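Heads up, the thing below is written out as structure tokens.
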Amino acid sequence: MGNTLVFVEHRDGEFKKATLSAVTFARQVADKTGAAYDMVVVGEGLSNVTAEAAKYGAAKVYVVDAPALKDYTDMTWAAAVAAVAKQSGASVVAGAATTAGKGLLPRVAALLDAGMASDIVGFGDKGASLSFLRPMWAGNVIGEVEITSAVQVASVRGTDFDAAEPTGDASPVEAVTVTLGNPTQRLVSFKATVSSRPEMTEASVVIAGGRGVKSKENFKLIEDLADVLGGAIGASRAAVDAEFVENDYQIGQTGKVIAPDLYIGAGISGAIQHLAGMKNSKVIVAINKDEEAPIFDVADYGLVADLFKVLPELTEKLKARKG
Amino acid sequence: MKILVTAKRVTDPDARIRLKADLSGIDSEGVEFKLNPFCENAIEEAVRLKDAHGADVVVVGIGTAENDAEIRRAMAMGCDSGIRVEGTDDQLDSDLVARILAKLVEQEQPDLVLLGKQAVDGDSNQVAQLLAAYLGYPQAVFVSHPEGSTGMTSGKPGLTVTGGKLQAMREVDGGAEVVEVDMPAVISADLRLNEPRLPKLPMIMKAKRKPLKAMTMADLGIDPALKVKTIAYHNPPVRAAGIKVADVDQLLDKLANEAKVI
Ligand SMILES: Cc1cc2nc3c(=O)[nH]c(=O)nc-3n(C[C@H](O)[C@H](O)[C@H](O)COP(=O)(O)OP(=O)(O)OC[C@H]3O[C@@H](n4cnc5c(N)ncnc54)[C@H](O)[C@@H]3O)c2cc1C
Ligand SMILES: Nc1ncnc2c1ncn2[C@@H]1O[C@H](COP(=O)(O)O)[C@@H](O)[C@H]1O
């Protein structure tokens, strides 16, 4: 069995923490198969991100540094990752189930003639060697899948694999050159979501607002509560569609999957597709004026009330408690 | 321009899917089947591009004869012809679907292949990317309308096609990006690409007479071997029932003293 190759995610040289859940996955695969794991960094001007990646116990950190790879495109980066996987004889290629991981890893799978399992949340015990657990039907079913190809590709959910800790050693680094054809996919522009709050997937508290919040201006009620708790903000699809907040804040089947210590949802009905993204939160609080709202089925604490009345009260009383 | 677009048949996205008691698969008793919502966005976009630039739109479903209903619906939305490749869901994985579509692309030679970002049953989110890689095509996946909700309802395409190139806005972690791809290319639609139209009765009638070709994987010379097999189904963990609190004070008390999260 060859090594697991972990795709290192970064934006313009800034290491993405999401990668660390894929490292934990790779460590667990290593425990099962006895093989080690490597990492691969792709882009241009990669010394910082490579140094960071080298802290996590990889047998080797492969670096593909080339001007043609400066901007992330699924096509060029996938070609680079697949080339390194071939050259290193990897048996498993893994990455975080972020939008980059989702865009790139299936392409890597096709280039390696490999099967892929998306959004892995754990390992199964029915399979011969490695089998993976993954949510299907918006998380209402957990499928156990086995990949029959020689190479296997997996994307990993951050909510189910804790971030790996550094080992204290530095991995050896190896530069790899790959030949890329003429690029037919190009990045034109990137508009970052600007926020001073923590990222939803990394925060221990998330305050989410839905259609019930009614306007972009009213979303301040959600933000104020998030700020007093040092939390992140999130939203339902309806709130994003209505442009109360950017798409980056959508929680759910087609948005982000989160599992914070505390989730508070206000003015959110709790559609299946929203629950798919937050029902593994440790403590769930729902604020909704409709006592029949399905979100109460998963809430540890439900408050049937008008959010316009109770959100400011909650924020004020929390402020008072904190002194 | 020629466009190939997909119409997968899936369980009703709003149905609460449960496993059969013996865990052998989902209990589809009383569950309706529908067009995959993301395919609906892909089809709507194909038709908007047809309205804007002129195009021949071919819709493909890989499924049993029941899948003809979704293919007909796509034709009622404005697709010109249909192809159904025979296969049951348990005979398919994303890889095989991509290999079938790659074969059809070879035959049909479209300028664009439009798919949904994911199928709401398997939630794999792989086919568009696999297909693009098999064909050596560029991809723009998870695309939305650059003009937001106004653009979604405008009837205008969210994809900009000029001189053999296509620009699209993609929803990505940390923001939104605009990508440009040379055509032919593979695109996958997110839900905010557009608001799919409801087919009107005359279009539904007209769709009944549009050509729909049935094929098998053998006709296409495709190896039906799967790379990913679902070997078991499990129920997700259940949450213990919660309580209703009377007011903000009780909520704060519970969060501080029982849950200990504040
Ligand atoms: C394929 C597919 C994928 C989807 N993916 C996602 C996804 O990733 N994430 C997601 O969230 N949704 C997703 N959806 C949409 C989902 O089905 C719901 O439509 C959406 O979650 C509803 O958002 P909401 O709860 O904010 O709005 P609504 O369902 O309209 O609920 C609003 C709630 O606010 C309450 N309310 C109103 N006023 C007040 C008040 N003053 N005080 C207190 N409560 C109030 C109402 O009682 C109601 O329960 C998806 C749908 C499909 C078909
Ligand atoms: N059986 C099928 N028939 C037609 N299109 C499909 C089929 N399965 C998947 N697709 C397309 O591929 C997309 C992604 O599917 P998946 O990777 O399975 O989540 C879907 O949104 C469809 O556009």
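A few notes on this one:
- The contact between chain B and chain A removes approximately 7100 Å² from the accessible area (both sides summed; 1.4 Å probe; ligands, DNA and RNA excluded).
- Checking every one of the trypsin sites (Lys or Arg not before Pro) in region B:132-210 against DSSP loop status and a limit of 12 other Cβ atoms within 10 Å picks out B:LYS200, B:LYS208, B:ARG209.
- Centre-to-centre separation between the Cα atoms of region B:96-137 and those of region A:136-185: 21 Å.
- Dimensionless Rg over Rh [region A:4-175; C-alpha; Kirkwood]: 0.94
- The mean sequence separation of alpha-carbon pairs under 8 Å and at least six residues apart, normalised by the residue count of region A:200-322, gives a relative contact order of 24 percent.
- Normalised per residue, the accessible area of region B:2-257 is 40 Å², obtained with a 1.4 Å probe and no contribution from ligands, DNA or RNA.
- Taking label positions 7 Å along the Cα-Cβ direction at both A:LYS86 and A:ASP169, the computed distance is 3.1 nm, reported to one decimal.
- Altogether, the Stokes-Einstein calculation at 4 °C and 1.567 mPa s, with the Kirkwood radius of chain A over Cα pairs as Rh, returns a diffusion coefficient of 62 µm²/s.
- Mean shadow area of region A:130-203, taken as a quarter of the surface of its Cα convex hull (nm²): 10.6
- Computed over protein heavy atoms with a 1.4 Å probe, the accessible surface of chain A works out to 39 Å² per residue.
- Pairs of Lys residues in region A:200-322 are counted when their Cα atoms are under 17 angstrom apart and they lie 8 or more places apart or on different chains; the count is 10.
- Across region B:2-257, the fraction of Cα-Cα pairs farther apart than 28 Å, rounded to a whole number, is 38%.
- Projecting the alpha carbon convex hull of region B:95-148 along each direction and taking the average yields 4.4 nm².
- Calculated on C-alpha atoms, the gyration radius of region B:8-117 divided by its Kirkwood radius gives an Rg/Rh of 1.00.
- Here the sum of -39500 (n - 2.57) over DSSP H runs of 4 or more residues, divided by the residues of chain A, equals -8000 deg cm²/dmol at 222 nm, to the nearest 500.
- Region B:55-149: GluC sites (Glu not before Pro) falling in loop per DSSP and having at most 15 other Cβ within 10 Å: B:GLU147
- Share of Cα-Cα pairs in region A:138-271 lying beyond 19 Å, as whole percent: 64
- Relative contact order of chain B: 23 percent, from C-alpha pairs under 8 Å at least 6 residues apart in sequence.
- Extent along the principal axes, Cα only, for the protein assembly as shown: 70, 65, 51 Å, with the longest axis given first.
- Global geometry of region A:200-322, whether rounded, prolate or oblate, following the gyration tensor of its Cα atoms and the 1.5 cut on a/c: rounded
- Computed over neighbours whose Cβ is under 12 Å from that of B:TYR233, the net charge equals 0, Lys and Arg +1, Asp and Glu -1.
- Per residue, the average separation of C-alpha pairs within less than 8 Å and at least 6 apart gives region A:183-252 a relative contact order of 33 percent.
- In chain A, taking the dipole from charged Cβ atoms about the Cα centre, the farthest positive-side position among A:ASN288, A:ALA58, A:VAL194 is held by A:VAL194.
- Across region A:1-64, the convex hull enclosing all Cα atoms gives 64 Å³ per residue.
- Signed unit charges on C-beta, dipole axis of region A:200-322, positive-most listed residue A:TYR301, A:LEU275, A:ALA238: A:TYR301
- P(r) tail fraction, region B:111-257 - alpha-carbon pairs more than 27 Å apart, %: 50
- Between region A:187-202 and region A:240-285, the alpha-carbon center distance in angstrom: 17
- Working note: 222 nm ellipticity from helices only, DSSP H runs with n ≥ 4, each -39,500 (n - 2.57), summed and divided by the residues of chain B, gives -8000 deg cm²/dmol to the nearest 500.
- Each part reduced to its alpha carbon centroid, region A:1-75 and region B:167-225 end up 33 Å apart.
- What a 1.4 Å probe finds exposed on the protein assembly as shown is 50% carbon and sulfur by accessible area, rounded to a whole percent.
The values are calculated or read from the model by the stated rules, or taken from the named source; none is laboratory data. On a predicted model such as this, the values are computed, not experimentally measured, just so you know. So basically every Cβ, Gly included, is an ideal-geometry build from the backbone, and we count neighbours across all protein chains shown. Note: accessible area is taken over every heavy atom of the protein model, side chains too, but ligands, DNA and RNA are not part of it. Shrake-Rupley method; radii C 1.70, N 1.55, O 1.52, S 1.80 Å.
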